[in-house]
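Down below is the structure, laid out as structure tokens.
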Amino acid sequence: MSDLKARIQGIRDAFNQALDQVEGLKALEELRNQYLGRKRGIVKDLLADLRTVSKELRPELGQAVNRLKNTVENALTEKLEALKSGESTGDLQRKMDLTLPGVAPELGSLHPLKVVNRDLIRIFERMGYEVASASEIETDFYNFEALGLTKNHPARDMQDTFYVTDEVVLRTHTSNVQIHLMQESKPPFKAIMPGRVYRKDADITHSPMFHQVEGLVVGEQITFADLKGTLEHFLKQLFGSDTKMRLRPSYFPFTEPSAEVDVSCIMCGGKGCRVCKNSGWLEILGAGMVDPVVFKNVGYDPEVVSGFAFGLGVERVAMLKYGISDIRMFFEDDLRFLSQFT
Ligand code: FA5
């Protein structure tokens, strides 16, 4: 009996040693066959040898052989799982060199539109403006009607609109926020309204979804001179203190008088170049004094209050600031482009 017991212990030790040295699935399979193989496995042989042992001793030795069999089976299964997940100690030791320098994670950066948007907001916050917002899905009333763009107004053609239903649109400008703000607040106030807007428009300088920042100042005795001073200060903050500004007469249904605002070309400083088409000027925003009709639409008395408004495209500012010629680059999520703005 002690012979067989000693053999069992010897087999267990030899198996453990062999298992430690196994480094791949093929070697593990060979070890399994060697110990548990149906025809000539070491454990199988032991079971056969039990027949030579006396009846009295057989149960105890039988149990010992079974325990060995279970131990071998479990150890083989564990090793198989470890090898599959590459976690065997041997593997880790071979694959990892803890003395090597670590791999630095790639850091993300703010999107260029976010950077410009944030800069615009900061400039106006420093001038005491609050930030206001409203829904991008808007009723015809807030997007058009209340701003003086009545149903058959020819100026509605200026903006090709995405209609959700006959009465609901994706807002074509951030001017809808003006109306909500005036309905909800009492003058005096000054606010800027950044947000996404939508138009059926797509080419190298126009996108169907783009960003605007609109400004609105309402109070008593607000004049065109206030508008001019505010915009001049803003543009100098944005593009540098040498920047010059000029106003050209224009038309918006919700402002009267209205102006198109240009800045001296930020590429050539006003001398004339390809970007400004040799004019020395770049068109940057639209502005004007709030039309009395708009004040009446929100319940203000135009005899008492006056105000100015302005609006610009964030993509246009970003394209000028960074010298980007194709607006679509902002929306392609190309890391080679985006990582230049870290
Ligand atoms: C407006 O949207 C007026 N609501 C702005 C305004 C507000 C004027 C308050 C007066 C008082 P306009 O349609 O010009 O104006 O658009 C303003 C700016 O949005 C343009 O100067 C341009 O930079 C930008 N823009 C217009 N369409 C697109 C487009 N499809 N893709 C990218 N930017 C655009």
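The table for this structure:
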| read-out | value |
| --- | --- |
| Anchor K200: lysines whose Cα lies under 24 Å away (excluding residues fewer than 8 positions away in-chain) | K114, K151 |
| The chain - Kirkwood radius from inverse mean 1/r over Cα pairs (Å) | 26.5 Å |
| Neighbourhood charge, 12 Å Cβ-Cβ cut-off, centred on L4 and excluding it, Lys, Arg +1 and Asp, Glu -1 | 0 |
| Sequence of L235, L19 once ranked by neighbouring C-beta atoms within 10 Å, starting from the fewest | L19, L235 |
| Among R122, R196, R51, residue whose mean-square fluctuation peaks in a GNM of the chain (springs only between Cα atoms under 10 Å) | R51 |
| Residues E315, E256, sorted so that the one with the fewest Cβ neighbours within 10 Å comes first | E256, E315 |
| Test item: Cα-centred dipole of the chain, Lys/Arg +1 and Asp/Glu -1 on Cβ, debye | 1700 debye |
| Rg/Rg_ref, region 211-342, where Rg_ref = 2.2 N^0.38 Å and atoms are Cα | 1.22 |
| Dimensionless Rg/Rh of region 279-342 - Kirkwood Rh, Rg from C-alpha atoms | 1.24 |
| Using a Förster distance of 30 Å, the FRET efficiency for R328-D97 (Cβ separation, nearest 0.05) | 0.10 |
| Globularity ratio of region 102-158, using Cα Rg and 2.2 N^0.38 Å | 1.90 |
| Cα lying deepest toward the dipole's positive end in the chain, options S325, G229, Y129, charges on Cβ | S325 |
| Per-selection Kirkwood Rh - region 164-220 (Cα, Å, 1 d.p.) | 12.8 Å |
| Listed residue (V116, V168, H153) projecting farthest to the positive dipole end of the chain, Cβ model | V116 |
| Mean residue ellipticity (222 nm) of the chain, computed from DSSP H runs ≥ 4 via -39,500 (n - 2.57), nearest 500 | -12500 deg cm²/dmol |
| Stokes-Einstein D for region 3-136, Kirkwood Rh over Cα pairs, 37 °C, 0.692 mPa s (µm²/s) | 159 µm²/s |
| Long-range amide H partners of G280 with built H, under 5 Å | G272, C273 |
| Area projected by the alpha carbon convex hull of region 187-262, averaged over all directions, nm² | 6.6 nm² |
| Residue among G286, P302, G269 farthest towards the positive dipole end of region 258-312, charges placed on Cβ | G269 |
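Quick note: the coordinates plus some simple rules give every number you see, no bench work behind them. Note that the structure is predicted; figures quoted are calculated from it, not measured. For neighbour counting, all protein chains shown are included, and Cβ atoms are generated from backbone atoms with ideal geometry for every residue, glycine included.
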